[in-house]
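> Dumping the structure here so I can ask a few things about it.
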Amino acid sequence: MKRLTRVGLLLLVVVLVLSTVCGFTLAASKKLIKVGIVNLPPEESGYRQANVEDMNVVFSRENGYDAKQTNTADNSEQIAAARGYIRDGVDYLLISAANASGWDDVLRSAKRAGVRVILFDRAIDTDPSNYEAALLSDMHYEGRLATDWVLNNVPKPINVVLIRGQLGSAAEIGRSAPLLKAAEEGKLNIVADGTGGDTWSLEEARKVVEAAIAAKKDFNVIYAQNDGMAQGAVQALEAAGISHGKNGKVKIIGFDFNRFALRNVQAGYWDADVQCNPRQAGQIDQWIKSGKIPKGIVYQEELILTTDTITDEQIEKYGINADPGKGVITR
Amino acid sequence: MPRLKRRINNLSHLFLPLSVLVILIIINLIKGADYFRITMVNGALYGNIPNILFGASELVILSIGMTLVTAASRGQDISIGESGAISSAIFVQYVLNAGEVTLCTILVGFLISCVAGLVIGAFNGTLVSFFNVQPMVATLILFLGGRSIAFIIDGKVSPILANEISNRIGTVIPGVPIPTPIILTAVFIVVVAVVLRTTNLRLYVEAVGVNPSAARLNGINPKKVIFLTFLLMGVCSAVAGFIAVNKAGRHDSVNLLKFIMMDAILAVALGGNSLGGGKFSITGSIIGAYTIEMLNRTLLRLEVNPEAIKAFKAVFIIVLMVIASPVVRVFVKKFLDEAKTIVARYSVRQTGGLNKGAASITDTTGKKGE
């Protein structure tokens, strides 16, 4: 009987030792990188939804990350969350700020604590030494892509209806600037200059175009600074019986790469769409894994797709939001 | 005779919205004489007036509900855009999951969204009438949270409504020259008019709005009446959401009917209604809603700089309200009478000058009056 207990005890010890060793090796192989992500809420826009989803997919446990995420549009809540992550001792702090100012203190304390900060999508007004890198969309570049396309593909004289987004937003300023410059240089005329307001509203855009039609403005380009407003503009053209798209009189250009917009471009209902890439996570993941994080602001590569060049793969890969399916036009 | 007098009283109630509308029409006619011109495009009427009627349809429907809520509860529902977004999200989900889209699917979807509107109205109404929460505070809950709910119902994307029937509801039915949203709005207005004519709703709502305690003593339960107005508001939101989503062809939970409560409240005020409840005029609110739409388009027509357009709108509204306010009206009448009685040498131009003076003087007195 005693012998039996001894054997049992021995077995127990063996099992215990083996399991701890295994446990250690397992833990060692799964040394997770701790990341705190401060972002805006996904219901803000289709862009943000794609952005948050991308973050969730890339910074997952399977990918070797222990990520915590805070999504709020309130700058002070964002700052509080960032402070919390610094206290938790994260290795990396990724921030897309609701407001560009007010971040100096928190960024400095991150630096002191040895937390490396990477900004994505939105810049912060602070000294560049307060963060490692910023991966942003270059709105001016997007505007240049669109303006160049207009200058090269629309028969002269080019008469543009400009529909701006929220006035003063980075996207509106960047996407307007190259077009306004081209107009100043006399390469094209802006016959109507309107805005979809703070909500980049489809209805407002529609009214802008309806007003231009009522005033008997002659125009052959609609330059709408997001897809929803381009949609509203096209609704106004449809109602007024003005042709548009591939074989039509008015060329339509939108921004943001919503899949419905890309399908409209593919069908020749619209003419072009410019990307605003929400998928920064992959690039940041590469930087972290390789240990080579660049210094300062880095701009993402972005595309313009037109009726002639667009493919299904591109719509699948780069598009955001729901896909209505091939050949389906969203009026 | 008393009936005639009541008619005139009714009309004087509409003085404010109508005079504002007339001023806007005059501005537009000065800008271009062909303002009222209507042409046929692809078998549908097209022109400034159809565009205004088309663009204002959701606002008109919402301002009807807002008038009732304001009159009974002496407060405003600020969650109307959000509740429209939620009910239309449910409509879109039903249509997308129902398989083949027929007229029947759309109708059933519409009825389901109306039920959703009723549920939302019941939620707000319960808070306001039974828990005595201020209407703006009670509806603030959905104003803040409603879009998230709609976003989740949408499955975190903005679903596309690309079927033929939805497209026709949002634009025109072939063979019918009037855009469908205009027809739907007209039908809705007729239904509301019939309800107000055939039931005691107006009497009850006004009684509760004027004095809830007196209404209760006379056998009207203020809680029930206020609850009822919120239910009706819910249905109005659902109908407006239905029209809006079919117009857009896409359910954008973020932007659908955003901030429309501001315009709806303004429409109620422009319609000559007191925002403090009591007697109300739905006709006034409807005219007010069309006036706001016309104002928005007038600013675009005048090619106001996009940066300045909101400030211009605010200034326009203040000026229009002051010019059309009862205080100015009384002053104008008084000066006209004086001018008649004192001397005949007062020329028309001078009275015009005096009127202008009166307008600026009454600017402050008008505020005091309120």
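Just so it is clear, none of the values below were taken in a lab; they were calculated from the coordinates. Source: prediction; values computed, not measured. Heads up, the Cβs are rebuilt from the backbone with ideal geometry, glycines too, and the neighbour counts pull from every protein chain shown.
> Could you give each residue of region B:289-301 its phi-based ³J(HN,Hα) in whole Hz, using Karplus coefficients 6.51, -1.76, 1.60 with θ = phi - 60°, and x for Gly or Pro?
Once θ is set to phi - 60°, the couplings for region B:289-301 become 5, 5, 5, 4, 4, 5, 4, 4, 6, 5, 4, 5, 5 Hz.
> Shielding by partners for A:205-217, please: the mean number of other protein chain Cβ atoms within 10 Å of each residue's Cβ.
Values: counts 0, 5, 9, 3, 1, 9, 10, 3, 3, 13, 6, 2, 1.
Per residue, the average neighbour count from other chains is 5.
> Where nothing but the Cβ of Lys and Arg (+1) and of Asp and Glu (-1) is charged, how large is the charge dipole of chain B around its Cα centre, in debye to the nearest 20?
Numbers: 32 positive and 17 negative charges, 293 e Å.
It comes to approximately 1400 debye.
> Lys/Arg Cβ at +1, Asp/Glu Cβ at -1, dipole of region B:2-322 taken about the Cα centre: which of B:SER281, B:GLY170, B:ILE220 is farthest positive-ward?
Most positive-ward Cα: B:ILE220.
> As an exercise, find the ratio Rg/Rh for region A:31-131 from alpha-carbon atoms, using the Kirkwood inverse-distance average for Rh.
Numbers: Rg = 12.8 Å, Rh = 13.5 Å.
Looking at region A:31-131, the ratio lands at 0.94.
> While we're on this one: Near the amide H of B:VAL172, under 5 Å away, which other amide H atoms are found, from residues 5 or more places off or on another chain, if H is placed in the peptide plane?
Amide H to amide H, under 5 Å and 5 or more residues apart or across chains, B:VAL172 pairs with B:THR180.
> Ok, one more. Give me a single rounded figure for B:248-260: the average over its residues of other chain Cβ atoms within 10 Å of their Cβ.
Details: counts 9, 8, 11, 1, 10, 2, 9, 10, 4, 3, 6, 4, 1.
Partner-chain Cβ atoms within 10 Å, mean over residues of B:248-260: 6.
> Report, in debye and to the nearest 20, how large the dipole of region A:31-131 comes out about its Cα centre when Lys and Arg carry +1 and Asp and Glu carry -1 on their Cβ.
Details: 12 positive and 15 negative charges, 103 e Å.
Here the size comes out at about 500 debye.
> Given a Förster distance of 45 angstrom, what is the FRET efficiency for A:ASN189 paired with A:LYS289, based on the Cβ-Cβ distance and rounded to 0.05? List each step's numbers first, then the result.
Details: r = 50 Å, r/R0 = 1.11.
Rounded to the nearest 0.05, the efficiency is 0.35.
> Rank-order A:236-244, B:277-285, B:80-88 by packing density, defined as the average count of other C-beta atoms within 10 Å over each peptide's residues, highest first. Intermediate values should be presented prior to the final figure.
Values: A:236-244: 18.2, B:277-285: 21.1, B:80-88: 31.8.
So the order, starting with the most tightly packed, is B:80-88, B:277-285, A:236-244.
> Taking the Cα atoms only, what angle lies between the long axis of helix A:75-88 and the longest principal axis of chain A, rounded to 10 degrees?
Compared with the principal axis, the helix lies near 20 degrees.
> Which angle between 0 and 90 degrees, to the nearest 10, do you get for helix B:309-324 versus the longest principal axis of chain B when only C-alpha atoms count?
Orientation of helix B:309-324: about 50 degrees from the principal axis.
> Let me ask something else. Per-residue counts of other Cβ atoms within 10 Å, averaged by peptide: what ranking do you get for B:29-39, A:34-44, highest first?
Details: B:29-39: 12.1, A:34-44: 22.1.
My ranking of the peptides, most packed first, is A:34-44, B:29-39.
> Now for a separate question. Using only Cα atoms, tell me the angle between helix B:15-31 and the longest principal axis of chain B; keep it within 0 to 90° and round to the nearest 10.
In chain B, helix B:15-31 runs at an angle near 90 degrees to the longest axis.
> Now a separate question. Can you give me the distance in nm between label points at B:LEU103 and B:SER213, each placed 7 Å from the Cα along the Cα-to-Cβ direction?
Placing both labels 7 Å along Cα→Cβ, they lie 5.5 nm apart.
> Right, something else. Could you calculate the FRET efficiency of A:SER101 with B:LYS279 from 1/(1 + (r/R0)^6), where r is the beta carbon distance between them and R0 is 56 Å, rounded to 0.05? Could you put the intermediate results ahead of the total?
Details: r = 49 Å, r/R0 = 0.88.
The calculated FRET efficiency here is 0.70.
> Projecting each Cα onto the charge dipole of chain B (Lys/Arg +1, Asp/Glu -1 at the beta carbon, about the Cα centre), which of B:ILE86, B:LEU111, B:ILE317 comes out farthest on the positive side?
B:ILE317
> Right, another one. Fewest first, what order do A:CYS276, B:CYS104 take by the number of other Cβ atoms within 10 Å? Show your work: numbers first, answer last.
Values: A:CYS276 22, B:CYS104 10.
Fewest to most other Cβ atoms nearby, the residues stand as B:CYS104, A:CYS276.
> Hey, another quick one. Within 10 Å of each Cβ of A:322-329, how many other protein chain Cβ atoms are there on average?
Values: counts 10, 2, 6, 2, 0, 0, 3, 4.
So the per-residue partner count for this stretch is 3.
> Taking the Cα atoms of region B:2-322, what is the range of coordinates along each of the three principal axes, in descending order and whole Å?
57, 51, 40
> Going by average Cβ density within 10 Å per residue, which order do the peptides B:189-199, B:173-183 take, highest to lowest? The partial results should precede the final answer.
On the way: B:189-199: 12.3, B:173-183: 16.4.
Highest-to-lowest ranking by the protection proxy: B:173-183, B:189-199.
> Can you work out the PRE-style zone for A:LEU167? Point 7 Å along Cα to Cβ, and I want the residues of region B:254-277 with backbone N under 20 Å.
Correct set: B:258-260, B:262-263.
> Efficiency by 1/(1 + (r/R0)^6): what FRET value for A:LYS34 and B:ILE152, r their Cβ-Cβ distance, R0 = 41 Å, to the nearest 0.05?
Values: r = 29 Å, r/R0 = 0.71.
In this case the efficiency is close to 0.90.
> Above 44 Å lies some portion of the pair distances; for the protein assembly as shown, what is it as a whole percent of all C-alpha pairs?
Numbers: 82846 of 245350 pairs.
Tail fraction, whole percent: 34.
> Further, regarding this structure: Taking the Kirkwood radius as the inverse of the mean 1/r across Cα pairs, report the Rg/Rh of chain A.
Values: Rg = 25.7 Å, Rh = 22.3 Å.
Dividing the radius of gyration by the Kirkwood radius yields 1.16.
> What is the dipole size for the protein assembly as shown, taken about its Cα centre, with +1 at each Lys and Arg Cβ and -1 at each Asp and Glu Cβ, in debye to the nearest 20? Don't skip to the end; give the middle numbers.
Numbers: 70 positive and 58 negative charges, 429 e Å.
Using only the charged Cβ atoms, the result is roughly 2060 debye.
> So what is the calculated 222 nm ellipticity per residue for the protein assembly as shown, using -39500 (n - 2.57) for each DSSP H run with n of 4 or more, over all residues, to the nearest 500 deg cm²/dmol? Display every interim value, and only then the final one.
Numbers: 28 runs with 414 residues, N = 701.
Calculated from helices alone, the mean residue ellipticity at 222 nm is -19500 deg cm²/dmol.
> Next question, about the same structure. Near the amide H of A:TRP270, under 5 Å away, which other amide H atoms are found, from residues 5 or more places off or on another chain, if H is placed in the peptide plane?
Answer set, sorted by chain and number: A:VAL265.
> What residues qualify as long-range amide H neighbours of A:ASP66, i.e. H under 5 Å apart, gap of 5 or more or another chain, H built at 1.01 Å from N?
Amide H to amide H, under 5 Å and 5 or more residues apart or across chains, A:ASP66 pairs with A:ILE33, A:LYS34, A:VAL35.
> For region A:187-223 and region A:297-331, compute the distance between their C-alpha centroids and round to whole Å.
What the calculation gives is 24 Å, centre to centre.
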